[in-house]
Amino acid sequence: MNVRALLRIGLLLIVAWIVLKIVFNVVGFLFHLLLIVGVLFVIYYFVTNVLGKGRPRGM
């Protein structure tokens, strides 16, 4: 293999590393966002349906 092929492979590995790092950061952010939304939904469901029984609605 010549020097140009090795440089091309190295450049492709660096670009793939950067792209994968960005993809994993975005996926991790979306996973945590969905996790937070799910926890908030469970809390909202518990407060409205479990704690809300027997209480008059509205004013």
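The values are calculated or read from the model by the stated rules, or taken from the named source; none is laboratory data. Bear in mind the structure is a predicted one, so any value in this text is a computation, not a measurement. For neighbour counting, all protein chains shown are included, and Cβ atoms are generated from backbone atoms with ideal geometry for every residue, glycine included. Areas reflect the complete protein model, heavy atoms only, side chains present, ligands, DNA and RNA absent. Shrake-Rupley method; radii C 1.70, N 1.55, O 1.52, S 1.80 Å.
Tabulated data for the structure shown
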{"quantity": "Long-range neighbours under 7 Å by Cβ, at least six apart or interchain, first residue at positive phi within the range 1-29, second open to solvent by 90 Å² or more (accessible area, probe 1.4 Å) and part of a helix (DSSP H, G or I)", "calculated": "none"}
{"quantity": "Residue identified as among the aliphatic types (A, V, I, L, M), open to solvent by less than 80 Å² (accessible area, probe 1.4 Å) and modelled with pLDDT of 95 or more among VAL15, VAL37", "calculated": "VAL15"}
{"quantity": "Filter result for GLY58 (modelled with pLDDT under 95, surrounded by 10 or more Cβ atoms within 10 Å (Cβ to Cβ), not in a helix (DSSP H, G or I) and not polar (S, T, N, Q))", "calculated": "no"}
